[in-house]
Amino acid sequence: MSNTYSLQAFLLVLFKLIYLCVKITSIMKISITGTGSHYPSQIVKNDTFLNHEFLDMDGSAFDAENDIIIEKFKAITGIEERKYADHNLNTSDLGIDASKKAIADAGIDQEELDYIIFAHNFGDIKYGQNQSDTLPSLATRVKHGLGIKNPNCVAYDVLYGCPGWVEGMIQAYAFIKAGMAKKCLVIGGETLSRVVDPHDRDSMIYADGAGATIVEVTEDGGEYLATGSQTFAFDEAKYLFFGESYNDEATEDQRYIKMYGRKIYEFAVTHVPAAIKSAIDQSGVDILDIKKIFIHQANEKMDDAIIKRLYRLYKMKVPEGVMPMNIQTFGNSSVATVPTLFDLVCKNQLEGHQINKGDVCVFASVGAGMNINAIVYRY
């Protein structure tokens, strides 16, 4: 009788513990609790490039004058101006500033961070130099710059092309979901203005900046609904690459960011809509419930085409205001475009756009690799 009673009591306690664990798990969410950005102070307008000597890939001069080249460039990309970092600041400095703002926005103790994930492409490149510096990692530099003493705060970098910040967010989610972390800092930063060939028309696309987010466990915050990533590397691996100047007289040992723009455009409009749709369908959210799509600010024409094709897959027209854009005045800052755009909207600093609690949004990007990824998130 006594043994039977003891077994029943044990089972009752066990069932209560299981119920409590299930209840806690069900109410806990993995949320974005803070955002921050560094917007460089140098504004570089299109007319700055009027006196550049633009050359074709074979080194020959273009028939058109620069004002015509710039006019066509603006019509395709939407870019009127871009932001360059101050000469005394490197990518890690931009990341530190954005991180401080995100930590303050989240109201957390930075010593409680379990991971710092810094997505970039070229490390720190001092103004006027061409050597990339990634030793130590930029994430380590951010940790040092923030003054974090906790050795259990792990800092590492992600090299994933323009989708790097989104991929870092996916990794932070995975760490927390697996019970390996409670709080993560994810940064996307770049100073592309320091790796552009002045003789390449594409140099007008690129810009600098950094954005950061805090991801942590909450009870009543937002929540990840679905994620997805892909790498196409069989034929597409070198659509973006490091190459020589189009000017044969330039220093031979210097390399610059280069791309096959037409191939990237065709790749993006073909594959990105399906990748975003896959994530949305996996989330169980109706396409009509998507309020905002924060897509990598690569090229206005390309982004418009991607979103149109996405909604065409659902046999719908694109809803008005679903795709915020800031490429017109920010340029393409690679991994920084999505987090800085998201921060602007979160802080009600992008005219005509806002996001409210409970709204479902999508983060999506495409870039060097060629890599594609997407997150469906309830704010």
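Readers should treat all values here as calculations from the given coordinates under stated rules, not as data from a laboratory. As the structure is a computational prediction, the values presented were derived from the model and not from experiment. In this analysis, Cβ positions are derived from the backbone assuming ideal geometry, glycine residues included, and neighbour counts consider all displayed protein chains.
Rounded to the nearest 0.05, the FRET efficiency derived from the C-beta distance between ALA104 and PHE241 at R0 = 25 Å is 0.05.
Highest GNM mean-square fluctuation among GLU81, GLU167, GLU351, for the chain modelled with Cα contacts below 10 Å: GLU351. Think of the chain as a dipole: +1 on every Lys or Arg Cβ, -1 on every Asp or Glu Cβ, centred on the Cα centre; then among PHE267, PRO319, SER193, PRO319 lies furthest on the positive end. Round to a whole angstrom and tell me the spacing of the C-alpha centers of region 29-64 and region 272-309. So the separation of the two Cα centres works out to 24 Å.
The largest-to-smallest principal axis extents of the Cα set in the chain are 98, 52, 41 Å.
Each listed q (0.17 Å⁻¹) maps to a log10 I(q)/I(0) for region 224-378 from the Debye sum over equal C-alpha point scatterers, namely -0.99. Which whole-angstrom value gives the distance between the alpha carbon centres of region 237-270 and region 97-149? Each part reduced to its Cα centre gives a spacing of 28 Å. Exposed loop positions in the chain were taken to be trypsin sites (Lys or Arg not before Pro) whose DSSP state is not H, G, I, E or B and which have at most 13 other beta-carbon atoms within 10 angstrom. Between these positions, the longest stretch is 150-314. Over the chain, Cα pairs under 8 Å with separation of 6+ residues give a relative contact order of 24 percent.
Helix screen, the chain: DSSP H segments with Cα axial length of 27 Å or more and mean Kyte-Doolittle hydropathy at least -1.0 are 2-27, 261-283. Less than 5 angstrom separates the built amide H of TYR160 from those of HIS120, all sequence-distant by 5 or more or on a different chain. For VAL154, the shell of other residues with beta-carbons less than 10 Å away shows a net charge of 0, using +1 for Lys and Arg and -1 for Asp and Glu. Post the alpha-carbon centroid distance, region 156-201 to region 334-379, in whole angstrom. For region 156-201 versus region 334-379, the Cα centre distance is 13 Å.
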